[in-house]
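Every read-out reported here was derived from the displayed coordinates using simple, explicitly stated rules and does not represent laboratory data. Worth saying up front: this structure is predicted, and the values here are computed from it rather than measured. Don't worry about glycine lacking a Cβ; one is built from the backbone with ideal geometry, like all the others, and counts go over all protein chains shown.
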Amino acid sequence: MPTATQKVVRLVFTVAGGGTLTVTLPSPRADLTQAEVEQVMELLIEKNIFELPDGDLVAKRDAKIIETVTEDIFDPPVA
């Protein structure tokens, strides 16, 4: 059974209208630091690059590195 592992960084922001925006970035560096993540999040808020119906990004809410392991159980035969 083949397996595949994938890592992403998930950044969550608070939006002015009260909602949230989640940005998911693939393949983070192994040595990524909290300070680097926070700096990028602050830059995204400052530069206001997203046009959202509920308003601008106003705050950092959460950041996680998520690792997903997918185990292939069945593949149909190739014709």
Those GluC sites (Glu not before Pro) from segment 10-79 that are DSSP loop and have at most 16 other Cβ neighbours within 10 Å turn out to be Glu51
Loop only by DSSP, 14 or fewer other Cβ within 10 Å of the Cβ. Give me the chymotrypsin sites (Phe, Trp or Tyr not before Pro) in the chain that pass, ordered by residue number. Phe50, Phe74
In nanometres, the difference between 0.36 nm per residue of separation and the alpha-carbon distance of Leu25 and Glu71 is 14.4 nm
Range of Cα positions in the chain per principal axis (Å), largest first: 51, 31, 18
Asp56 paired with Met1, simple spin-label distance in nm, labels 7 Å along Cα-to-beta-carbon: 5.0 nm
